[in-house]
1. Sorting 227, 88 on the 10 Å Cβ count, fewest up front, what's the list?
2. Order 111-117, 195-201 from most to least packed using the mean count of other Cβ atoms within 10 Å.
3. Spelling out what I want: for every residue of the stretch 238-250, take phi, set θ = phi - 60°, compute 6.51 cos²θ - 1.76 cosθ + 1.60 (Karplus), and round to whole Hz; glycine and proline get x.
4. Net charge near residue 46, counting Lys/Arg +1 and Asp/Glu -1 over other residues with Cβ under 13 Å of its Cβ?
5. Ranked highest first by the average count of other Cβ atoms within 10 Å around their residues, in what order do 161-168, 218-225 fall?
6. Net charge within 10 Å of residue 127 by Cβ-Cβ distance, Lys/Arg positive one each and Asp/Glu negative one each, not counting residue 127 itself?
7. What order do you get for 234-243, 97-106 when each peptide is scored by the mean count of other beta carbon atoms within 10 Å, highest first?
8. Counting Lys +1, Arg +1, Asp -1, Glu -1, what net charge surrounds residue 224 among other residues with beta carbon under 14 Å of its beta carbon?
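Coordinate-derived values only; no laboratory data. Quick caveat: nothing in here was measured; it's all calculated off a predicted structure. As a convention, Cβ positions derive from the backbone with ideal geometry for all residues, glycine included, and neighbour counts pool all protein chains shown.
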Amino acid sequence: MTNDEGKRENNDWTRQAIAVRKRSTAETRDLAFVVIGKEFKNLAFYFVVLAAPFFLIDALFFALFVFGGPSDIAKTCDDVSIFWQICFVYAVIALETAFVGSLATRYLGVWLFESERKIGRREIVASWLERLPQLFYYLVLTRPFRRGTFYAETILLERTPFRKKAGRYSTAERVRSFRRGVAFEPNFWPALAATAGYLTIGSLGPTLIATEEVWITAFHWAIFPAFLFGLRFYVVVLDFLRYINYRIAAEGWDLDLAFKVERAKLAVDEGRWRDGGKGALSLTLTLGEEKKGVADAQTGETGEI
């Protein structure tokens, strides 16, 4: 291999942060832990930016309208009503997950193909703000009334328009198309994990804090909601990987990427781009589209997971 070929290999823009291929359910769940471990600092930052204000609003709402004051919680703590209150808390936080995790989802979309360069926070926030009207409409205003999943991935990564345009699905149409695919696997484990966490933390807490009433209040107002937000942090990453799996299984997206890779390599070999990998095609997850133009790629090598 010549020096020029070696430089080109080291600067190969096609080296994704993770290998784009079909994975089993168990492998996808394991991979979510690996991705969080590799990118915890960045993912936690983008998640907390939205999760923190939602957590504070939720805690206040639960304190005022769901559980009531300390004496109210103590009275209902052994009653069946506490079960339904916990179910309501879980449902509220579950509905918020897609919007709360949307910044982290946008980061994952860029990181998937561009992990060899430093990804600026302004870049992520600016592209997220550009899609905020759709995110707010689908994931906040109308979320309780909508079926389907992958709204955040569709809006942020495929950049679907609000209304149908020539040759492009609207966001609502695109999400409806997922129902005809393989996107929906039984996914009851977050609820089971929440139940296990509630029982475990709830039973250990009183042994650590002398005043049981203080513990009960703190647990229901803050500790259990915080546990659920932490659980949902993992779900955001898992949903992103499930979205990738869906597009590979139902749409052959990995084959589409392979053809794009080969076309880009041929373009380099034919001398249409500058030598040494200095120019690179900037891929997006947009359905059937390539982002036209040339972006500067930094030198570096990224391994696959």
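1. On the way: 227 18, 88 14.
The order, fewest Cβ neighbours first, is 88, 227.
2. Values: 111-117: 19.7, 195-201: 13.7.
The peptides rank, most packed first, as 111-117, 195-201.
3. 4, 4, 4, 5, 5, 5, 4, 4, 4, 5, 6, 6, 8
4. Details: positive: 41, 106, 121, 122; negative: 39, 123.
With Lys, Arg at +1 and Asp, Glu at -1, the net is +2.
5. Values: 161-168: 11.4, 218-225: 20.2.
In descending order of packing, they fall as 218-225, 161-168.
6. Working: positive: 106, 122, 131, 159; negative: 123, 130.
Around residue 127, the charge tally is +2.
7. On the way: 234-243: 22.0, 97-106: 25.0.
Answer by packing, highest mean first, reads 97-106, 234-243.
8. Details: positive: 232; negative: 58.
Summing Lys/Arg as +1 and Asp/Glu as -1 gives 0.
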